[in-house]
Amino acid sequence: MDQVAAFLPYFFEGTWVTLQIFVLGLILALLVAFAAGLGRMSSIHAIRWPCAVFIEVFRGTSAIVQLFWFFYALPLFLDIRLTPLMAGVLVLGLNQGSYAAEIVRGAVQSVPLTQWEAATALNMPKRTTLRRVILPQALVAMLPPFGNVAVDLMKNTSLVALVTVLDLTYRAQLIRATTGETTIIFGLLVVVYLILTNGISLLRRMLERRMPAGLAYAPGRE
């Protein structure tokens, strides 16, 4: 136990690395989600089909395979070399963004058609209608599943240990190899991830409560 205690500062430094990966990955995932989700609804084939292919490829393949491909295979094919941290953030952002893109698409399509018709009657351009009328309402429907995506992203940050990023999981493995204390180290790891994921869920509930009352509609309700 004393051996483990000596390594605790090193262990908790990994929390900061994990949080960095989470925040950067989440920002990328949200950008990808709105770009791909809205792009998949486009009437322009040159936009809709690439977005659909991207979503299906990243949802239909393993995140671990994607991570290995970006970190190990990409330099061989395109001579593009990513740092372990960059590869981890990029893969997690694209992977989770592909799931979140379907959330965006479903939430936008759940807004009653009468909202579009009312904006059209006011001679409002389609882009303006989407930005000022549809998306603010759709955000209410997006928030709970976005919270689930964020929790999944936090848990999946542990995958970056496979490409030697010094996150929580990788540091835990190093400490276990040094001290031989498997139960204590991985028990502590479970507790830290539980705290982080529950913190995300708490933040999501706070955001839901702060949503303007005027936007709190039930999807599909006229």
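Quick notes on this one:
- Checking each residue in region 176-195 for being in contact with a helix residue (DSSP H, G or I) (Cβ under 7 Å, 6 or more places away or on another chain), closer than 17 Å to P9 by Cβ and without any contact (Cβ under 8 Å) to a residue 60 or more places away in the chain picks out R176, L189.
- Residue check: I80 meets all listed conditions (1) of a type in the set (V, I, T); (2) outside any helix (DSSP H, G or I); (3) closer than 24 Å to V151 by Cβ but one, namely (3).
- Meeting the requirement of 3 or more residues that are within 22 Å of A63 (Cα to Cα), the helices (runs of 4 or more DSSP H) wholly within region 97-190 are 135-156, 168-179.
- Given (1) surrounded by 14 or more Cβ atoms within 10 Å (Cβ to Cβ); (2) closer than 29 Å to Q109 by Cβ, number of the condition T61 does not satisfy: (1)
- Filter result for D152 (within 26 Å of I200 (Cβ to Cβ), buried (at least 17 other Cβ atoms within 10 Å of the Cβ) and touching a Phe, Trp or Tyr at 6+ places or on another chain (Cβ under 8 Å)): yes
Residues are listed down the side, and each one gets a yes or a no for (1) crowded, with 20+ Cβ neighbours inside 10 Å; (2) at pLDDT below 95; (3) touching a Leu at 6+ places or on another chain (Cβ under 7 Å):
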{"residue": "N156", "(1), (2), (3)": "yes, no, yes"}
{"residue": "L166", "(1), (2), (3)": "no, yes, no"}
{"residue": "T179", "(1), (2), (3)": "no, yes, no"}
{"residue": "I195", "(1), (2), (3)": "no, no, no"}
{"residue": "N198", "(1), (2), (3)": "no, no, no"}
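- Test for G199: is it free of Cβ contacts under 8 Å to residues at least 24 places away in the same chain and more than 25 Å from A33 (Cβ to Cβ): no
- Filtered by the rule that a residue be touching a residue at least 40 places away in the same chain (Cβ under 8 Å) and buried (at least 16 other Cβ atoms within 10 Å of the Cβ), region 113-138 gives L130, Q137.
- Selection within region 21-48 - outside any helix (DSSP H, G or I) and either surrounded by fewer than 19 Cβ atoms within 10 Å (Cβ to Cβ) or hydrophobic (A, V, I, L, M, F, W, C) (or both): M41, S42, S43, I44
- Residue match in region 6-20 (condition: at pLDDT 90 or above, closer than 26 Å to L143 by Cα, surrounded by 15 or more Cβ atoms within 10 Å (Cβ to Cβ) and in contact with a helix residue (DSSP H, G or I) (Cβ under 7 Å, 6 or more places away or on another chain)): yes
The values are calculated or read from the model by the stated rules, or taken from the named source; none is laboratory data. This structure is a prediction, so every number in the text was calculated from the model and none was measured. Every residue, glycine among them, receives a Cβ derived from its backbone with ideal geometry; neighbour counts consider all protein chains shown.
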